[in-house]
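A short write-up of the structure that comes next.
What follows is calculated from the coordinates using simple rules that are stated; it is not laboratory data. The structure presented is a predicted model; accordingly, all values stated were derived computationally and were not measured. Glycine gets a Cβ as well: all are built from the backbone with ideal geometry, and neighbour counts include every protein chain shown.
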């Protein structure tokens, strides 16, 4: 039997609100979708500054925010290559804002950029961009949900107890299988060809999302914090929700780079 934590109701309600907002803006696309994820990236940036206890935080946050907004504008006007370049230049500038903590200063901007921009690049224009977003969301969300459910119900050996004592190997496997299947359901309903490569892609993205989750857990443990923030009831901070999503989005964009295509969505989905 699955046993839920005392905060499960808050987690569920918060998740429903977040999912509804993400899907509504994905359907709208364009400037609405870009603004939604840019704001999310700025929130992640804010949380990173708090958990890393950065010095000269206001200046760092201002420079990082300008980099994210510039990246979003460039992405909508040109392409994601220039947008990512703008974010990386902003991250480099942030190193000078906080010289004694330059590594965390740079990393924070890059993490926020990863949370905000790749998903906007995949959305692009048209129906295929919407399908790409739904496919990625399905893989990441199913991975997260079923890793929790299977881990709670099956238990067993821990995945990496020193970093994340609550995660189990059974949960990781269950989440991966669910993520692949969820992605295939979206691909099948959308009428995409070549489902076998998309199953392999779902496997890669699911693993990437779990690696991102573990990486954030390692950073928080190193910094001595439990949650990235308190923005989302039952979930902690936005960074706690977008760690795996950012990693999977970056992995998806890497696939696009390796394959090419008429658009980012085509490079991801058309095999």
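Taking a quarter of the surface of the Cα convex hull of the chain, what do you get in nm²? Each step should come with its number before you reach the end.
Values: hull surface 54.8 nm².
Projected area, direction-averaged: 13.7 nm².
Per residue, the convex hull spanned by the Cα atoms of region 133-183 amounts to 56 cubic angstrom. Note on region 26-99 and region 104-168: Cα centroid distance 19 Å, given to the nearest whole angstrom. Report the percentage of all Cα-Cα pairs in region 89-143 whose separation exceeds 15 Å, rounded to a whole percent. Cα-Cα pairs of region 89-143 separated by over 15 Å account for 59 percent. Judged by the ratio a/c of the largest to the smallest principal axis of the C-alpha gyration tensor, region 186-229 counts as prolate, that ratio being 1.5 or greater while a/b is larger than b/c.
Evaluate the Kirkwood expression for the hydrodynamic radius of region 114-241, namely the inverse of the mean inverse distance over all pairs of different C-alpha atoms, and round to one decimal in Å. Before the final figure, lay out each step's value.
Details: mean 1/r = 0.0643 Å⁻¹.
Every distinct Cα pair counted, the radius reaches 15.6 Å.
Taking neighbour counts of Cβ atoms within 10 Å as a proxy for exposure, in what order, fewest first, do 84, 68 appear?
Working: 84 21, 68 28.
Arranged by neighbour count, lowest to highest, 84, 68 become 84, 68.
Could you order the peptides 140-151, 44-55 from most to least packed, using the average number of other C-beta atoms within 10 Å per residue? Please report the intermediate quantities before stating the final value.
On the way: 140-151: 22.8, 44-55: 21.0.
Going from most to least packed, we get 140-151, 44-55.
Just to be sure I understand the curve: with the Debye formula and one point per C-alpha of region 15-57, what is log10 I(q)/I(0) at q = 0.13, 0.22, 0.33 Å⁻¹? Log10 of I(q)/I(0), two decimals: -0.38, -0.73, -1.05. Restricting the calculation to Cα atoms, region 34-137 shows an Rg/Rh of 1.02 when the hydrodynamic-style radius is the Kirkwood one.
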